[in-house]
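Notes for the one structure printed next.
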Amino acid sequence: MFITDSHIKEELINRKGTFSMNVQVVCNASLIFQNVVARWPGSTHDATIFTHSDLKDYCEQGELGNRWLLGDSGYPSHIKTRNTIERCIGV
Ligand SMILES: *[C@@H]1O[C@H](CO)[C@@H](O)[C@H](O)[C@H]1NC(C)=O
């Protein structure tokens, strides 16, 4: 789904009447963004964004090489990595 100007209001204004987007970002350990997808409404599930992203294709085609792609803070072992993306967004 692509967001066009004519659809911005209806797609990105949520039920509370406020603007929201769900943005998928990937950074590396140097806090440099490696990939950004910023075109989905805030209500969109993370998995939906990933499924439709070029990043998924890159992963499946092995184009990321010998690297790990970690996501979300739900797993205790990921907290340290989660801190990296939070710092990257902050910077
Ligand atoms: C992060 O990405 C930048 C730009 O692609 C690169 O110069 C840097 O070496 C990378 N850092 C790590 C830790 O891979």
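The values are calculated or read from the model by the stated rules, or taken from the named source; none is laboratory data. All values reported here derive from a predicted model rather than from experimental measurement. Using ideal geometry, Cβ is built from the backbone for each residue, glycine included, and neighbour counts are taken over all protein chains shown.
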Counting only helices (runs of 4 or more DSSP H) entirely within the range 31-91, those with at least 3 residues that are at pLDDT 90 or above and over 27 Å from Thr18 (Cβ atoms) are 54-60
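Among the residues of the range 8-27 satisfying the criterion of being part of a strand (DSSP E or B) and more than 16 Å from the ligand (Cβ to nearest atom), which is nearest to Thr84 (Cα to Cα)? Before you say what the answer is, go through the steps one by one.
Taking the range 8-27 as the starting set, the residues that turn out to be part of a strand (DSSP E or B) are 13, 19, 21-27.
Checking which are more than 16 Å from the ligand (Cβ to nearest atom) leaves us with 13, 19, 21-24.
Details: Ile13: 29, Phe19: 26, Met21: 21, Asn22: 19, Val23: 16, Gln24: 14 Å.
It comes out as Gln24.
Please find, within the range 28-65, the residue that is farthest from Lys80 (Cα to Cα) out of those that are surrounded by fewer than 13 Cβ atoms within 10 Å (Cβ to Cβ) and within 15 Å of the ligand (Cβ to nearest atom). I'd like the intermediate steps shown before the answer.
Pass one, the range 28-65, residues surrounded by fewer than 13 Cβ atoms within 10 Å (Cβ to Cβ): 28-30, 32, 38, 45-47, 51, 54, 57, 60-63, 65.
Going one step further and asking which of them are within 15 Å of the ligand (Cβ to nearest atom), we end up with 28-30, 32, 63, 65.
On the way: Asn28: 13, Ala29: 11, Ser30: 14, Ile32: 17, Glu63: 25, Gly65: 22 Å.
So, considering only residues that are surrounded by fewer than 13 Cβ atoms within 10 Å (Cβ to Cβ) and within 15 Å of the ligand (Cβ to nearest atom), the one farthest from Lys80 (Cα to Cα) is Glu63.
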